[in-house]
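Below is one structure, written out as structure tokens; the observations come after it.
The values are calculated or read from the model by the stated rules, or taken from the named source; none is laboratory data. Keep in mind that this is a model prediction, so the values were computed, not measured. Cβ sites come from the backbone with ideal geometry, for glycine too, and all protein chains shown count toward neighbours. The accessibility values were calculated without ligands, DNA or RNA, using every heavy atom of the protein model including side chains. Shrake-Rupley method; radii C 1.70, N 1.55, O 1.52, S 1.80 Å.
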Amino acid sequence: VQLQASGGGLVPAGGSLRLSCVSSGRTSNDAATGWFRQVPGKEREFIAGIRWSGGNTRYADSVKGRFTISKNSAKNTVILQMNSLNPEDTAVYYCVLRWGSTIHTTSEWYSHWGQGTQVTVSS
């Protein structure tokens with residue numbers, strides 16, 4: 001499985017960004033795709049995840065109500081819509097995938113990682 005993330009950039013506080021993750025080689029819907037983020041010197045932080053079968057979602061408390069994760073199964077794409085961004089959201093964002101339907105919130109559960117995309121929110 002390969003994951004290609006895109007959509008990062010520089011945005012002022014209060015702005016929005018839309019991240020996309022295209023997966024190739026996924027052969028089963030018994031899988032979950034999600035997003036983690038990482039700031040230098042800190043551990044990777046779970047942001048959101050979605051099940052390919054059924055579409056159940058899970059969010060970190062820090063982004064609930066601001067971020068929305070969705071999927072387009074026909075395009076093998078997962079979207080992370082990020083609104084009301086603040087400087088604390090600045091990080092490298094990684095798209096991830098794991099086999100199995102549980103959306104885990106710790107990084108060791110995810111066997112496939114995309115290359116990361118930088119999100120910078122200016123104050």
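Annotations for the structure displayed:
- Total residues in region 1-27, condition among the small types (Gly, Ala, Ser) and in a strand (DSSP E or B): 6
- Pairs where the first residue, in region 1-13, is under 9 Å from Cys95 (Cβ atoms) and at pLDDT 95 or above and the second is surrounded by 17 or more Cβ atoms within 10 Å (Cβ to Cβ) and aliphatic (A, V, I, L, M), C-beta under 7 Å, 6+ apart: Leu3/Leu97; Ala5/Leu19
- Selection status of Leu80, at pLDDT 95 or above, farther than 24 Å from Val121 by Cα and assigned to a strand (DSSP E or B): no
- Taking first residues from region 63-88 that are of a type outside the set (A, V, I, L, M, F, W, C) and partners that are assigned to a loop (DSSP other than H, G, I, E, B) and open to solvent by 50 Å² or more (accessible area, probe 1.4 Å), the Cβ contacts under 7 Å between residues at least 6 apart in sequence or on separate chains come to Arg66/Asn83; Arg66/Ser84; Asn83/Ser16; Ser84/Gly14; Asn86/Ala13; Pro87/Ala13; Pro87/Ser123.
- Screening Gly114 against (1) closer than 17 Å to Ala60 by Cα; (2) out of contact with any Ser or Thr (no Cβ under 6 Å at 6 or more places or on another chain); (3) crowded, with 19+ Cβ neighbours inside 10 Å leaves a single unmet condition, (1).
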